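The values are calculated or read from the model by the stated rules, or taken from the named source; none is laboratory data. Since we're looking at a predicted model, the values are computed, not measured. Neighbour counts are summed over all protein chains in view; Cβ atoms, including those assigned to glycine, are modelled from backbone coordinates with ideal geometry. All accessible areas refer to the heavy atoms of the entire protein, side chains included, with ligands and DNA or RNA removed. Shrake-Rupley method; radii C 1.70, N 1.55, O 1.52, S 1.80 Å.
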Amino acid sequence: MRNGPGEELARQVRGLAVAASVVALAIGAHGLAGGGVPQGMTLLLLGGLAAVIAAAVIAVPALATRRRWLVPVLATGQVLSHAALSLGDAHSGMHAGSHLTLPMLVAHSVAVVVCAVLIAGAESIGPRACAAMRRILPRIVATLPVRLEPALPHVVADIRPVHSSVQVGPIARRGPPAFC
């Protein structure tokens with residue numbers, strides 16, 4: 001389990017990464033295997049599914065920190081995404097009853113593996129990249145030229161009252177002024 005101030009942030013990032021990659025790669029895998037493009041209600045179902053997956057990964061510490069739970073969560077997400085895509089309009093070009101074909105199963109399985117590799121890679125690279133930035137950024141900021149004297153203010157626009165050429169007669173009128 002991770003310790004430190006970034007633990008909660010790491011859990012949230014992992015939850016969002018798992019949810020986003022599940023839905024995005026499910027749509028891609030579904031399309032590559034012959035399914036249609038989701039629209040309308042199907043996108044709402046997928047958005048709700050992504051929210052549930054993200055909340056589950058963030059809320060359960062084992063899902064948010066242990067790599068062995070990554071593949072089961074991703075596989076469950078792919079199954080639920082396929083079910084959402086099957087319920088919606090993404091199977092408009094396929095015959096009834098042929099929602100789960102061999103290409104569809106292979107595509108969703110490959111999506112699980114790709115998601116797991118990408119998320120695990122990002123989790124291993126992320127702390128190293130952050131540590132490198134913490135070392136490099138102070139050196140970059142130290143080499144930037146700094147102005148020691150304050151900048152003189154300069155006038156951007158002339159702010160004088162505008163004189164109107166409207167002629168006001170002896171009769172007071174209500175309403176906007178009439179420009180002649």
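Okay, here's what the table says:
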quantity: Subset tally (residues that are open to solvent by 40 Å² or more (accessible area, probe 1.4 Å), touching a residue at least 24 places away in the same chain (Cβ under 8 Å) and closer than 14 Å to residue 12 by Cα) for region 57-80; calculated: 2
quantity: Count of residues meeting criterion [under 20 Å from the mean Cα position of the chain (by Cα) and β-branched (Val, Ile, Thr)] in region 101-131; calculated: 5
quantity: Among residues of region 51-85, those that are in a helix (DSSP H, G or I), of a type in the set (Val, Ile, Thr) and either in contact with a Phe, Trp or Tyr (Cβ under 9 Å, 6 or more places away or on another chain) or under 21 Å from residue 124 (Cβ atoms) (or both), counted; calculated: 5
quantity: Output for region 3-40, where each listed residue is open to solvent by 30 Å² or more (accessible area, probe 1.4 Å), free of Cβ contacts under 8 Å to residues at least 60 places away in the same chain and not in a helix (DSSP H, G or I); calculated: 3, 4, 5, 6, 37, 39, 40
quantity: Residues satisfying the stated conditions in region 41-50, i.e. among the hydrophobic types (A, V, I, L, M, F, W, C), loosely packed, with under 14 Cβ neighbours inside 10 Å and either under 17 Å from the mean Cα position of the chain (by Cα) or within 18 Å of residue 122 (Cα to Cα) (or both); calculated: 44
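So that you can scan it fast, the table gives a plain yes or no per residue for (1) open to solvent by 80 Å² or more (accessible area, probe 1.4 Å); (2) at pLDDT below 85:
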position: 87; (1), (2): yes, yes
position: 96; (1), (2): yes, yes
position: 101; (1), (2): no, yes
position: 117; (1), (2): yes, no
position: 134; (1), (2): yes, no
position: 145; (1), (2): yes, yes
